[in-house]
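As structure tokens, the structure follows; a few thoughts come after it.
The values are calculated or read from the model by the stated rules, or taken from the named source; none is laboratory data. Keep in mind that this is a model prediction, so the values were computed, not measured. Cβ atoms come from the backbone with ideal geometry, glycine included; neighbour counts cover every protein chain shown.
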Amino acid sequence: MGIATINPATGETLKTFEPLTADEIEAALRSAHQAFEQYCHTSMAQRSQWLQATAKILEQRKEDFGKLITLEMGKTLKSAIAEVEKCAAVCRYYAEYGADFLADVPAKTDGSQSFVRYQPLGVILAVMPWNFPFWQVFRFAAPALMAGNVGLLKHASNVPQGALAIAEIIQQAGFPTGVFQTLLVGSEQVAALIADERVMAATLTGSEPAGVSLAVAAGKQLKKTVLELGGSDPFIVLKSADLEAAITTAATARMICNGQSCIAAKRFIVVEAIAQEFEKRLVEKFEALVVGNPMLPDTDLGPLATPGILKTLEQQVEECIRCGARVLTGGQRLSDRERGNFYPPTIVTDLPPSSPISQEEFFGPVALLFQVADLDAAIKLANATPFGLGASAWTNDNRERDRLIEEIAAGSVFINGMVKSDPRLPFGGIKRSGYGRELGVQGIHEFVNVKTVWVR
Ligand code: NAP
């Protein structure tokens, strides 16, 4: 696949782009490196002002950018606009708190003075996915630029116009030339970029295989990486839960980004006592969703981003059936919309937890429903996955709540709410979901030199 905007709702190729030449890549690296030499000396107050200006542009043009997101990757326009608003929020968050997070931290030692100082590393390469094409980039860029680093973005090949728009926004906000650049290149260029001595570290948000190849390339160069990879988040519902709230949230949590979110709830683990009721009402919720043109205000579910994702999802559901699972609703691509990548809201149940397919991430509107006897079985099944990104659990019993918080193996646990990212809280995973954290105070400390200073 080349670098192109292909409307996922119609299959129409709208715009194609030539990847950068070797000379153009070299010029971008030179510009980034030179920019860092000056930029690392700018004041926190100045960087904060530029981030505030970035937020303003995002807010003022959220409709335009929202439309571009929907056009390129198919999420509903309302969710795309909300994504742009969230990007403004993350810029404002680091503009406001970044200087505090990066202030010297004194320590009492045998020296007359000792402290920790946070300093920028230099040029950071960000390899980003299409599913939240603005948010994923800004949650990297806002803290990285606030800390005095400069960014090079290699975005997913199906969102080139969004990628270019982001670099333009940052430039328009006043950040100096070269501080943030988009490189329109294919993934085969990533290893060479990491190997370049001017690139100091890299981050990737995307699939497990992409994460592995970036980590291998960076490992060879001993360069720091942060990886935000896939997930198969459990959504546990226990007997004491508020069932109505749990079911409504279950449908929302599975469908975010047309089902293509790393932290979408993917495995619904429900105790037997309420399983029948939960199943019946979840089917009703899924069947009430409006599937169609993502630009229209009443649409709940747009197309999947690419034909490849649609095909993978179809094959996964077929594999579930082969393993003995039943489809409660959906389960087949929508034949009346042949030209777009549409797949209906789908619920699969009775999938044997021992089947290899139950270990995979389902990146689309497919819920896997499991029944368990009790809390012990729920926790065991929730943890029986190679991933460890987020988890949502529903209970009104304090003892159950404490055990879930303690025993769920994931980067986050949300009790009586859906998993979401929030600039004020760290975000990231364990196991095959990656390592490192974005957002919060932890996020801004990933790409800095934690310098120890000791003075006699
Ligand atoms: P993907 O194929 O891994 O693509 C993500 C980015 O990596 C794109 O820019 C892609 O470039 C690049 N890439 C692909 N293969 C690469 C390689 N071998 N070396 C270097 N770069 C490579 O991911 P996707 O399938 O589009 O996105 C969905 C995945 O991302 C899911 O697994 C999802 O859970 C995960 N995700 C995780 C988070 C999180 O925060 N944990 C957030 C969002 C998504 P091209 O487009 O040019 O191939």
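With the structure loaded, tell me whether L51 is surrounded by 19 or more Cβ atoms within 10 Å (Cβ to Cβ) and under 15 Å from G98 (Cα atoms) or whether it fails that test. Here the answer is yes, as L51 does meet what is asked. Filtering region 432-456 to residues that are within 22 Å of the chain's Cα centre (by Cα), more than 16 Å from the ligand (Cβ to nearest atom) and either not in a loop (DSSP other than H, G, I, E, B) or not assigned by TED's automatic domain parsing to the domain that holds V137 (or both) leaves V441, I444, V448.
Within region 302-357, the only residue that satisfies the criterion of being within 24 Å of K67 (Cβ to Cβ), in contact with a Lys or Arg (Cβ under 9 Å, 6 or more places away or on another chain) and either among the basic types (K, R) or part of a helix (DSSP H, G or I) (or both) is L310. The selection criterion, being within 16 Å of the ligand (Cβ to nearest atom), assigned to a helix (DSSP H, G or I) and either modelled with pLDDT of 95 or more or under 19 Å from the mean Cα position of the chain (by Cα) (or both), does not hold for S157.
Here's the yes/no breakdown for (1) assigned by TED's automatic domain parsing to the domain that holds I309; (2) buried (at least 18 other Cβ atoms within 10 Å of the Cβ); (3) small (G, A, S):
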position	(1), (2), (3)
M200	no, yes, no
L214	no, yes, no
A217	no, yes, yes
D242	yes, no, no
T248	yes, no, no
A253	yes, yes, yes
I256	yes, yes, no
S261	yes, yes, yes
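Would you call L152 at pLDDT 95 or above and surrounded by fewer than 24 Cβ atoms within 10 Å (Cβ to Cβ)? It is false that L152 is at pLDDT 95 or above and surrounded by fewer than 24 Cβ atoms within 10 Å (Cβ to Cβ).
Of all residues in region 130-143, which are farther than 22 Å from Q52 by Cα and either surrounded by fewer than 24 Cβ atoms within 10 Å (Cβ to Cβ) or touching a Cys at 6+ places or on another chain (Cβ under 7 Å) (or both)?
First, the residues of region 130-143 that are farther than 22 Å from Q52 by Cα: 130-131.
The answer is N131, and nothing else.
Name the single residue, out of those in region 162-180 being surrounded by 19 or more Cβ atoms within 10 Å (Cβ to Cβ) and in contact with a Ser or Thr (Cβ under 7 Å, 6 or more places away or on another chain), that is nearest to A53 (Cα to Cα). So, considering only residues that are surrounded by 19 or more Cβ atoms within 10 Å (Cβ to Cβ) and in contact with a Ser or Thr (Cβ under 7 Å, 6 or more places away or on another chain), the one nearest to A53 (Cα to Cα) is A173. Among the residues of region 387-416, those that are within 23 Å of E438 (Cα to Cα), without any contact (Cβ under 8 Å) to a residue 60 or more places away in the chain and either assigned to a loop (DSSP other than H, G, I, E, B) or more than 26 Å from the chain's Cα centre (by Cα) (or both) comprise A409, G411. The one condition from (1) over 26 Å from E277 (Cβ atoms); (2) more than 16 Å from the ligand (Cβ to nearest atom); (3) among the aliphatic types (A, V, I, L, M) that A410 does not meet is (2).
Checking the condition acidic (D, E) and farther than 18 Å from V270 by Cα, which residue from E314, E400 passes? Can you show your working first?
Values: E400 fails: farther than 18 Å from V270 by Cα.
Exactly one residue qualifies, and that residue is E314.
Within region 115-126, residues that are in contact (Cβ under 8 Å) with a residue 12 or more places away in the chain and assigned by TED's automatic domain parsing to the domain that holds L102 reach partners that are among the hydroxyl-bearing types (S, T, Y) and surrounded by 21 or more Cβ atoms within 10 Å (Cβ to Cβ) with beta carbons closer than 7 Å, at six or more positions or on different chains, in the pairs I124/T203; A126/T203. When region 321-340 is filtered for residues that are surrounded by 19 or more Cβ atoms within 10 Å (Cβ to Cβ), within 28 Å of A9 (Cα to Cα) and at pLDDT 95 or above, the ones remaining, listed by number, are L328, G330, G331.
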